[in-house]
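First comes the structure, then the notes that go with it.
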Amino acid sequence: MAKRQLSRRQSWRIEKIQEERASRAARRESRALEELEGGDLGPEQTGLVIAHFGVQVEDAGELAGQIFRCHLRANLPALVTGDRVVWRAGNQGIGVIVAQLPRRSELCRPDIRGQLKPVAANVDQIVIVFAPLPEPHANLIDRYLVAAEHAGIRPLLLLNKADLIDETNADQLGALLATYRQLGYPLLEVSAHQGDGMERLQAALNGHVSVFVGQSGVGKSSLVNSLLPGVDTRVGALSELTNKGTHTTTTARLFHFPGGGELIDSPGIREFGLGHVDRGDVEAGFIEFRDLLGHCRFRDCKHDREPGCALLKALEEGRIQPQRMASYRHILASLPEPEY
Ligand SMILES: Nc1nc2c(ncn2[C@@H]2O[C@H](COP(=O)(O)OP(=O)(O)OP(=O)(O)O)[C@@H](O)[C@H]2O)c(=O)[nH]1
Ligand SMILES: [Mg+2]
Ligand SMILES: [Zn+2]
C-alpha cells in the first residue's frame with residue numbers, strides 16, 4: 001500500500017514537473033515572439049515549411065531559398081512539412097509565421113495515443129517504400145493504399161534493396177509484387193545502393209510533390225541521398241537482433257529536385273493504424289471492390305458469409321486475391337468500434 005501511494009505521488013510529481021516545463025517553454029516562446037514582433041520585421045511573404053522540427057521555413061519570395069527558423073503566432077494550428085505559410089523575417093535567421101495557407105492535400109496518421117495527426121501537406125504522390133529486409137507486410141502496404149485513396153493522393157509502390165533479392169525470398173516477393181501489379185498500381189524496383197532503377201524513379205518523381213513513407217529501415221533516407229547527391233541525410237543500420245529499422249529519421253523534411261518537384265522524407269513507423277476511417281472508407285480503399293460494392297443481396301452486407309455477397313463471389317472466382325481479402329478483414333477488425 002505504502003509503495004503504491006509513493007508511486008502515485010511520484011507520478012503526480014512527474015506530471016507536475018512536465019506541466020511546469022511545458023508552461024516555461026510556452027512563456028519562452030511568447031517572449032521570443034514579443035521580442036520579434038516588437039523589432040523590425042520584414043514584409044509579409046509566402047514560404048514553405050521544409051521541416052517541422054523547430055519549424056523551418058524557406059522563403060518563396062524576395063529572399064528566395066533562404067531558410068529561417070520560425071516562431072508561430074498564437075492561435076495558428078499545428079503546421080507540418082509541406083505547408084505553405086505567410087511569414088515575416090526577423091533578424092539572424094529567425095522569423096514569425098503569421099498565417100497558414102489552405103492545404104491542397106493532407107496525409108494523416110494516428111499518433112501513439114490514437115489521435116489523428118497530419119504528417120505532410122500538399123503532396124500529390126505517396127511513395128510506399130518496402131524492401132526484402134525488414135520483411136515487408138502486405139497489410140501495412142494495404143493500409144497505406146487505403147490512406148492514399150482516402151486522401152485522394154496517387155500512390156506509387158517502391159521496392160528498394162532489389163540487390164537483396166535471392167533464392168530465399170524471391171518467391172515471396174514475387175507474389176507480393178504480382179498482387180499489386182494485378183491491381184494496376186504503379187510499381188518500381190530499385191536499389192539505392194547499386195543504383196538499379198534509380199533513373200526510372202527519378203522520372204516518376206520529377207514535377208511531383210512526393211512523400212516517402214514505409215517501415216523504418218526500408219531505405220527511404222538512403223534513396224534521398226542517392227537521388228540528391230550532396231544532401232547527406234542520416235541513414236541507420238538495421239538492428240542486428242531483429243533485422244528491423246532503428247527509427248533514424250525523426251522528423252519529416254522536404255528536399256527540392258533541381259529540375260522541379262519536391263520530395264519529403266518521413267520517419268518510418270512500426271504500425272500504421274487507420275483510426276480516422278470507417279468501413280466505407282476501407283472498402284473504397286480496395287480498388288478491386290469498387291465495381292462490386294452495392295451489388296450484394298443485402299444492403300448492409302458485411303461480406304463475411306452472407307448469401308448473395310458480390311465480394312465473396314469474386315473471391316471464389318479469383319477476381320479478388322485472398323491476401324487482399326484477408327488484409328481487408330484485418331484492417332476492419334482493427335478499426336475502433338463505431339460510437340452510436
Ligand atoms: N542492401 C541494401 N541496403 C540498403 C539499400 N538502401 C538502404 N539500405 C540500408 O538500409 C538501412 C536503413 O536505411 P535508411 O535509409 O536509414 O532507412 P529509412 O527507411 O530511412 O529508416 P527510418 O529513417 O528509420 O525510417 C541502412 O543500413 C542502409 O544502408 C539498398 O538499396 N540495398
Ligand atoms: Mg530515414
Ligand atoms: Zn457482400
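Each value in this text was obtained by applying a stated rule to the coordinates, not by laboratory testing. As the structure is a computational prediction, the values presented were derived from the model and not from experiment. With ideal geometry, Cβ positions are generated from the backbone for all residues, glycine too; neighbour counts draw on all protein chains shown.
Structural remarks
- Ranked by the mean number of other Cβ atoms within 10 Å of their residues, highest first, the peptides 138-148, 231-241, 13-23 fall in the order 138-148, 231-241, 13-23.
- Of all DSSP beta bridges confined to the chain, the antiparallel ones make up roughly 55%.
- Equivalent ellipsoid semi-axes, the chain, via Cα gyration tensor eigenvalues times 5, rooted, Å: 38, 27, 22
- Restricting the stretch 94-169 to GluC sites (Glu not before Pro) in coil, as DSSP defines it, with at most 15 other Cβ within 10 Å: Glu167
- Considering only beta bridges that DSSP places wholly inside the stretch 1-105, some 80 percent are antiparallel.
- Taking amide hydrogens as placed 1.01 Å from N in the peptide plane, the amide H of Ser105 sits under 5 Å from those of Asn122, Val123, each at least 5 positions away in sequence or on another chain.
- Tilt relative to the chain, helix 138-151 - C-alpha long axis, 0 to 90 degrees, to 10: 60 degrees
- Dipole of the stretch 1-70, positive direction: furthest Cα of Ile67, Leu33, Gln18, with charges on the beta-carbon: Gln18
- Only Lys, Arg, Asp and Glu carry charge here, each on its Cβ (+1 for the first two, -1 for the last two); on that basis the chain has a dipole of about 1360 debye about its Cα centre.
- Semi-axis lengths, Å, the stretch 179-261, gyration tensor of Cα atoms, sqrt of 5 times eigenvalues: 22, 18, 12
- Cα-based convex hull volume of the stretch 81-219 per residue, rounded to whole Å³: 156 Å³
- Cross-link partners of Lys244 among lysines (Cα-Cα below 30 Å; sequence separation of 8 or more within a chain): Lys117, Lys161, Lys220
- For the stretch 1-130, diffusion coefficient by Stokes-Einstein and Kirkwood Rh (Cα), 10 °C, 1.306 mPa s, µm²/s: 93 µm²/s
- Range of Cα positions in the stretch 159-311 per principal axis (Å), largest first: 59, 38, 28
- Plainly put, the stretch 121-170 has a radius of gyration that is 1.06 times its Kirkwood radius, both from alpha-carbon atoms, as the Rg/Rh ratio.
- For the stretch 146-187, with +1 on Lys and Arg beta carbons and -1 on Asp and Glu, the positive-most of Leu164, Gln182, His150 along the dipole: His150
- Estimated 222 nm signal from helices in the chain, with DSSP H stretches of n ≥ 4 weighted -39500 (n - 2.57), rounded to 500: -10000 deg cm²/dmol
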